[in-house]
Amino acid sequence: MMTEDLLKTYLNSLRLDLNLFKDAIKEVSEDIIKEGYSAFPIFIAHQAEVKLGEVILDREELGINFTIQASTLEEFVSRNIIKPGNADRFKDAFKDPAKFCCIFLVTEYGGQFVFVPFEITEASSPE
């Protein structure tokens, strides 16, 4: 289980990557919605291999902390990462995708959903 301090360390590291690439991630999010793939885009941030979604930012190629992959709520449900019975609850908790990026942060301690504002400042913190 990840401690709150360790989570903050991961999130601060992730924030650096998101500050560099927030426009690209937001564009992918908008495309997922506009093209009708999903109203619930999810981005997976990880440092080890994850077989979920499509790679949009490769940490090794770009020299960043995390690889970012694009996915959707529907893929998470079909892969049973989110149980079908919990999909409505997830939708209710989902923040406005025009303002927030839904990140599934994967570490050696497991995965955790966080919502990060696209307009990231030093004072902004994921929720």
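Where a number appears in this text, it was derived from the coordinates with a stated rule and is not lab data. Here the structure is a predicted model, which is why all the values come from computation and not from measurement. No Cβ is skipped: glycine too gets one built from the backbone with ideal geometry, and neighbour counts run over all protein chains shown.
Looking at Val106, Val55, Val114, Val77, which one is in a strand (DSSP E or B) and free of Cβ contacts under 8 Å to residues at least 24 places away in the same chain?
Working: Val106 fails: free of Cβ contacts under 8 Å to residues at least 24 places away in the same chain; Val114 fails: free of Cβ contacts under 8 Å to residues at least 24 places away in the same chain; Val77 fails: in a strand (DSSP E or B).
Unique residue meeting the criteria: Val55.
Listed here are the residues, each with its yes/no results for (1) among the β-branched types (Val, Ile, Thr); (2) closer than 19 Å to Ser13 by Cβ; (3) surrounded by 12 or more Cβ atoms within 10 Å (Cβ to Cβ).
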site	(1), (2), (3)
Val28	yes, no, yes
Val50	yes, yes, yes
Leu57	no, yes, yes
Ala70	no, no, yes
Leu73	no, no, yes
Arg79	no, no, yes
Pro97	no, no, yes
Thr107	yes, yes, yes
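Here is a list of conditions, (1) under 14 Å from Phe104 (Cα atoms); (2) among the aliphatic types (A, V, I, L, M); (3) surrounded by fewer than 19 Cβ atoms within 10 Å (Cβ to Cβ), and Ala45 meets all of them except one; can you say which number that is?
(3)
Rundown of residues vs (1) more than 18 Å from Phe118 (Cβ to Cβ); (2) basic (Lys, Arg); (3) not in a strand (DSSP E or B), yes/no style:
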position: Leu6; (1), (2), (3): yes, no, yes
position: Ile25; (1), (2), (3): no, no, yes
position: Asp31; (1), (2), (3): no, no, yes
position: Val50; (1), (2), (3): yes, no, yes
position: Glu60; (1), (2), (3): yes, no, yes
position: Lys91; (1), (2), (3): yes, yes, yes
